[in-house]
Every structure is written in structure tokens, then in C-alpha cells.
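Okay, here's the structure, questions in a sec.
The values are calculated or read from the model by the stated rules, or taken from the named source; none is laboratory data. A quick note: this is a predicted structure, and the numbers were derived from the prediction, not measured. Cβ placement follows ideal geometry from the backbone for every residue including glycine, while neighbour counts extend to all protein chains displayed.
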Amino acid sequence: MNETVGCLLLHGFAGDMNDILPLAKRLREEGYQVECPTLEGHGTTRREMAKSTRHDWLRSAEEGYKRLRMRADRIVVIGFSMGGLLAFHLATAYPVELLFTLNTPYKYWDVKEAMNYLREDFSTHSRRYIRGLGRIPLSSMLQFRRLLAETKPLLPKITTPYRLLQARRDDTVHAVSAELIASSVSEAAQPQISWYEHSNHMLLHGPDKEEAIAYVLAKITEHFASHGAHARVPT
């Protein structure tokens, strides 16, 4: 019997599904089952964000996984930025066939890259940073830091086949995070890093978008061709 492949996509801290929408659309077009949950407190107001905790965010991710599991037999989890931290939690608690993270933090807020972007286009990027600082409650930042601290000890338990995408010019996450994460997960995960030279943190909206999307699609196809001959994968 053929099995259906589903992709769970998790957006980033203080973001929403727009973070990962270009990839979600392409996966849907290719025929995969797709689920993109909005994390508790996200995509609404600053007050709602402040009321949510890291436990709420993880519960949102788990609920998305369970909804997708009702439609798909084999699950691929794709986490952008903080969504990658949540993806690690899922991969240690639920069956996950293949794991991707995009610009996921181990070290965060690359001040050097942020200043480079401000110098290059002050009018555009200054508005982005000021708006971001104004809409993120301090309590939420503390919840994020606790989530990061609680996730790091889980990394050696990651045995799911694992692919990392990292932008060299990431202005939010230190690009070295990809190497630190890859060296922290189990060797059984066989982590592979794909670097993107021209993009900042919003990889799926930047100049390397198509290359990144093509990489994810190719790796999913490759994985199921070699590990799941009976999975129903689009051709």
C-alpha cells in the first residue's frame, strides 16, 4: 500500500505563516499534504504575544503535527528560525521521517550583520528593526531564551535524517549556529548544511529563495526514493 507524505512547516519567533509561505505553496503544488500552524500568541497583537509561553508554542506545533498525521503516513518537519527549535522537540517525541531547519538559532542576533544592513539601506532596515523591537514583549524574549536553553540538551538525541539551510548574511541568527547545531546532533542524523550566500534571515523571501526551495524539494524526493520506496511522492 502506498503511503502519503506530509510536510509540517513551523514559522519563526514573532512571525507567522508568511515566514514559510513560499515553500508551503510549492510543496502543496507538488502534491504533498501540508500543515502550517500559527503558534499561540503569534500573528495577533502584542498583548496576546505577551500572554503566550514557550509551552504554548510547542503545543501549537504538536497540534499541527497531529492534524497532519491524520492525513499523512510519513511526516517531514521543516522549522524556520525558532520553528526549528520546536522541530527538534517534535523529532524527539514523535515519528519524523526527515527534518529540516532554516536559519535556526544556536547563537542569535548577529549585531555585525545587522549593522551592515543598516548601513546599506538605513531607511528600509531601520524601520524593520525598530518595528520588531517595539512589537515583541520582553516576556516573550525571555520565553524564547528559555526555549533555546531547553532545546540545546535535546540535540544529541536527534537521530532523524537532518538537513540545515543557513544564510551567510543572516542578520538575526549567527550563521555559525548551523555548524554548532550540526556538530551537536547525533551522528546518526547525518546532518548536511546548505549555505546561501546572498540572503538575510528571511531566506524564503530573499534572493536565494528559489535555490533554497529547490534544495528542500530535492532532498525530500531523494530521501523517499532511498528510504521509502512505497511512499506516495509526487513525480
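What number of residues in region 97-112 are modelled with pLDDT under 95 and either touching a helix residue (DSSP H, G or I) at 6+ places or on another chain (Cβ under 6 Å) or part of a strand (DSSP E or B) (or both)?
Total satisfying the criteria: 2.
Condition check ((1) under 28 Å from M49 (Cβ atoms); (2) at pLDDT 95 or above; (3) surrounded by fewer than 20 Cβ atoms within 10 Å (Cβ to Cβ); (4) hydroxyl-bearing (S, T, Y)) across all residues:
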{"position": "L138", "(1), (2), (3), (4)": "yes, no, yes, no"}
{"position": "L154", "(1), (2), (3), (4)": "yes, yes, yes, no"}
{"position": "Y162", "(1), (2), (3), (4)": "no, yes, no, yes"}
{"position": "A178", "(1), (2), (3), (4)": "yes, yes, no, no"}
{"position": "S186", "(1), (2), (3), (4)": "no, yes, yes, yes"}
{"position": "W195", "(1), (2), (3), (4)": "no, yes, yes, no"}
{"position": "A229", "(1), (2), (3), (4)": "no, no, yes, no"}
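Could I ask something else about it? Just to be sure before I move on: is A175 of a type in the set (A, V, I, L, M, F, W, C), touching a residue at least 24 places away in the same chain (Cβ under 8 Å), at negative phi and touching a Leu at 6+ places or on another chain (Cβ under 7 Å) in the structure I sent?
Details: of a type in the set (A, V, I, L, M, F, W, C): yes; touching a residue at least 24 places away in the same chain (Cβ under 8 Å): yes; at negative phi: yes; touching a Leu at 6+ places or on another chain (Cβ under 7 Å): no.
No, not satisfied.
Just to check your reading of the model, which residue among L23, L58, L8 is modelled with pLDDT of 95 or more, in a strand (DSSP E or B) and either farther than 19 Å from Y94 by Cβ or under 15 Å from the mean Cα position of the chain (by Cα) (or both)?
Result of the check over L23, L58, L8: L8.
Quick check: anything in region 113-133 at pLDDT below 95 and under 21 Å from L9 (Cα atoms)?
Step one: of region 113-133, the residues at pLDDT below 95 are 113-133.
Okay, now just the ones that are also under 21 Å from L9 (Cα atoms), so none.
No; the residues of region 113-133 include none that is at pLDDT below 95 and under 21 Å from L9 (Cα atoms).
Now a separate question. Residues of region 18-50 being in contact (Cβ under 8 Å) with a residue 60 or more places away in the chain, touching a helix residue (DSSP H, G or I) at 6+ places or on another chain (Cβ under 9 Å) and more than 29 Å from L138 (Cα to Cα), which ones?
P22, L23, R26, L27, E30, Y32
This table checks each residue for (1) part of a strand (DSSP E or B); (2) under 22 Å from I213 (Cβ atoms); (3) among the charged types (D, E, K, R).
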position: E63; (1), (2), (3): no, no, yes
position: A72; (1), (2), (3): no, yes, no
position: I75; (1), (2), (3): yes, yes, no
position: G79; (1), (2), (3): yes, yes, no
position: T92; (1), (2), (3): no, no, no
position: P95; (1), (2), (3): no, no, no
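Hey, another quick one. Do you know which residues across region 18-60 are farther than 29 Å from T221 by Cα, out of contact with any Phe, Trp or Tyr (no Cβ under 9 Å at 6 or more places or on another chain) and crowded, with 20+ Cβ neighbours inside 10 Å?
M49, S52
Inspect region 80-95 for any residue being touching a strand residue (DSSP E or B) at 6+ places or on another chain (Cβ under 6 Å), more than 22 Å from L180 (Cα to Cα) and not aliphatic (A, V, I, L, M) and give the result as yes or no.
No, because not a single residue in region 80-95 is touching a strand residue (DSSP E or B) at 6+ places or on another chain (Cβ under 6 Å), more than 22 Å from L180 (Cα to Cα) and not aliphatic (A, V, I, L, M).
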